[in-house]
Amino acid sequence: MIDTSHPAIQRLIDVAARKGIELDIRYLARPAHGVDETAAALDADAGQVVKSLVVVAVRPGGRLVPLVCLVSGRNSVDPALLSAATGEVAIRLARADEARQLTECSITDMPPFGYGREVRILMDQDLCAYEWLWAAAGTDTAILRVSPRTLRMLSNAFVGPIAVDSRIPATISTGIAPGLRFRPSPAPGRRGRGRWSAHRGSAIPAG
């Protein structure tokens, strides 16, 4: 039975209901920490675990525009690819307080859609290789089971190359187009120089 008392879960249900979709939300016996632990608890491949990373585009005057990247558990966001996909030239990983303010959700249980305000969402194309995906559903034990097609529809996400395999060494020194500015996150949670794998303290960080 889905606990609709939590506002984050209710927002997910409301978004899906408006599109005629009934969500498959399940509950773990205890919180899982890390992609590998989450995948093991679900008897799933690590690549099926969706990491929802909040990135901010820094506009003139310091205004922050939120972007949410839905990334395969095996991958990390590549800033150069993300910039090419969004057209943003000053981007960084959001701090925990910024993520909450901009989405009304905690980075520890960040869902893939259903935020408290309009947010641009981008989806890692590698997620489309799987029949089913698993994503945080707003609490530390709630997990959403969803197909890639349905996730794209519910999130209104752009699907494209925004991430690379975390196991491949970064080559950011040769992979950035001239003129792009990538600001380091004040609260780094990254694996490899110039890539973003997870927010520090998130429930489903890089495994």
Original post:
If you check Arg145 against the conditions, is it out of contact with any helix residue (DSSP H, G or I) (no Cβ under 8 Å at 6 or more places or on another chain), under 23 Å from Asp45 (Cα atoms) and either at pLDDT 95 or above or not in a loop (DSSP other than H, G, I, E, B) (or both)?
Top reply: yes
Original post:
If you take the residues in the stretch 85-97 that are touching a residue at least 24 places away in the same chain (Cβ under 8 Å) and not in a strand (DSSP E or B), which one is surrounded by the most Cβ atoms within 10 Å (Cβ to Cβ)?
Top reply: Ala94
**OP:** State whether the residues of the stretch 81-92 include one that is closer than 23 Å to Leu12 by Cβ and either in contact with a His (Cβ under 9 Å, 6 or more places away or on another chain) or hydrophobic (A, V, I, L, M, F, W, C) (or both).
**Re:** no
Subject >> Condition met for Arg74 (over 20 Å from Ser155 (Cβ atoms) and of a type in the set (Lys, Arg)) >> reply: no
**OP:** Residue by residue through the stretch 98-134, note down the ones that are more than 20 Å from Ala16 (Cβ to Cβ), more than 10 Å from the chain's Cα centre (by Cα) and surrounded by 22 or more Cβ atoms within 10 Å (Cβ to Cβ).
**Re:** Ala99
Subject >> Options Gly20, Gly34: the member that is under 16 Å from the mean Cα position of the chain (by Cα) and over 11 Å from Ala136 (Cα atoms) >> reply: Gly34
**OP:** Note down all Cβ pairs under 7 Å where the first residue falls in the stretch 56-75 and is basic (Lys, Arg), the second is in a strand (DSSP E or B), and they're at least six residues apart or on different chains.
**Re:** Arg59/Val65; Arg74/Asp165
**OP:** Of the conditions (1) basic (Lys, Arg); (2) under 24 Å from Arg11 (Cα atoms); (3) part of a strand (DSSP E or B), Arg100 clears all except one; give me its number.
**Re:** (3)
Original post:
In the stretch 103-134, how many are assigned to a helix (DSSP H, G or I) and charged (D, E, K, R)?
Top reply: 2
**OP:** Would you tally the residues in the stretch 153-171 being surrounded by 15 or more Cβ atoms within 10 Å (Cβ to Cβ) and either at pLDDT below 95 or under 17 Å from Val49 (Cβ atoms) (or both)?
**Re:** 7
Original post:
Can you find a residue in the stretch 98-119 that is over 22 Å from Ala46 (Cα atoms), at pLDDT below 90 and aliphatic (A, V, I, L, M)?
Top reply: no
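The values are calculated or read from the model by the stated rules, or taken from the named source; none is laboratory data. It should be emphasised that the depicted structure is a prediction, and the values quoted were computed from it without experimental measurement. For neighbour counting, all protein chains shown are included, and Cβ atoms are generated from backbone atoms with ideal geometry for every residue, glycine included.
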